Amino acid sequence: MPPRVVLFGATGYTGRLTARELRATGTDAVLAGRDRRRLDALADELGGLEVAVADSARPDSVRALVGEGDVLVTTVGPFLVHGQAAVEAAVAAGAHYLDATGEPPFVRRVFDELGPRAEGRCALVPAFGYDFVPGNLAGALALREAGEEATAVAVGYFASGGGGFSTGTLASGAGMLLEQSFAWRGGRLVRDRVASRVRAFPVRGRAWLGVSYGGSEHYALPRLAPGLRDVDVYLGWFGRRSRAVQAAAAVGAPLARVPGARAVGRAAAAALARRTGGGPEEPARQASRSHVIAVASGADGRELARVRLRGPNVYTLTAGLLAWGARQSAAGGLQGTGALGPVEAFGLEALRGAADAVGLQRIGADD
């Protein structure tokens, strides 16, 4: 039997976009989620697809979704609250795994805790959407162009044209200022808080600010370039309010050390998650764009290479990347097992092809 693609969280906002993209590109995925009525409605819309009821609160129901060699794609967040069941199910079954997380602590959990258990069994590729495929791609390209002289790379994520956030993004973002993040410093992974640093990147002729954030780049790029001493990732969604976010994070850092504070933040995220499913409508998505910049530099701080990528709306981009990754995984396109970054998982040239296919393109300095 050929591998099946199972989409868990199919009736959420990003899940629906991903289901439609999978169908449009010829993949008949199994649609999985909590609500049978909504699953049936989506399956009918897409021409009649198999559905399965599963709930992260019942891990056995998630485990029953996949078998060895299948591909499990999950958009069920917040991942710190609801993500464990799916990745555990994949490891137990020997199924390949992709997700849409953008939560640093969950990324770290997959790489540090689940990755070793998946070695020789299956591939785990977390954060395979706008968070954090474009930065891995841009970073890898910049490092290749910079050569062995490169010792640092900084990646910035931005969006233009408005469009707003999905309720799932808001739920996942709730409490992140209280969670522990990380960075790659001096050739090793270290603890860091979200928004401990602010940096400006040139976007559309202006300097746009971003706050530091933990991404899969911190794990994946040093594997590609062992000489890297520093990796920084910045999230630029706050614009001129980035310094205020930095100040808020500094205030929240002591609060995060209070017993139970993080549990309260996660409970708030879980409450928001119960109202997920909404997000920007098609006209708003069409009007917005994603921008990612990677800058590689040497030990003296001199810039050696810069790569700029521009793509569609962040949710459209995420759906396209997840659908591509699922198809590629089911077709035997994965290049390893354990927890992998996007370039490790599929290879740089294949990932460049995927980027082109979903509208994520390299642009020049003046574009």
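Rolling a 1.4 angstrom probe over the protein heavy atoms with all chains in place gives region 296-367 an accessible area of 38 Å² per residue. Compared with the dominant principal axis of the Cα atoms in the chain, helix 242-256 is inclined by about 70°.
Computed from backbone phi with θ = phi - 60° and the Karplus coefficients 6.51, -1.76 and 1.60, the 3J(HN,Hα) list for region 338-355 is x, 7, 10, x, x, 5, 4, 5, 10, x, 5, 5, 5, 5, 4, x, 4, 4 Hz; x is used for glycine and proline. For ALA287 and GLU45, the FRET efficiency from 1/(1 + (r/R0)^6), where r spans their Cβ atoms and R0 equals 22 Å, is about 0.35. Which translational diffusion coefficient, to the nearest whole µm²/s, is obtained for region 18-107 from the Stokes-Einstein equation, given a Kirkwood hydrodynamic radius over C-alpha pairs, 37 °C and 0.692 mPa s? Reported coefficient: 243 µm²/s. Shape of region 281-367 from its Cα gyration tensor (a ≥ b ≥ c, root eigenvalues): rounded if a/c is under 1.5, otherwise prolate when a/b > b/c, or oblate? Verdict is oblate for region 281-367. Note: relative contact order over the chain, using C-alpha pairs below 8 Å and six or more positions apart, is 22 percent. Computed over region 70-153, the P(r) tail beyond 22 angstrom holds 32 percent of alpha carbon pairs.
For region 1-156, carbon and sulfur atoms together expose 45% of the accessible surface, with a 1.4 angstrom probe and every protein chain in place.
The values are calculated or read from the model by the stated rules, or taken from the named source; none is laboratory data. Because the structure is predicted, anything quoted here is derived from the model rather than measured. Neighbour counts are summed over all protein chains in view; Cβ atoms, including those assigned to glycine, are modelled from backbone coordinates with ideal geometry. Keep in mind that these areas ignore ligands, DNA and RNA; they rest on the heavy atoms of the full protein, side chains included. Shrake-Rupley method; radii C 1.70, N 1.55, O 1.52, S 1.80 Å.
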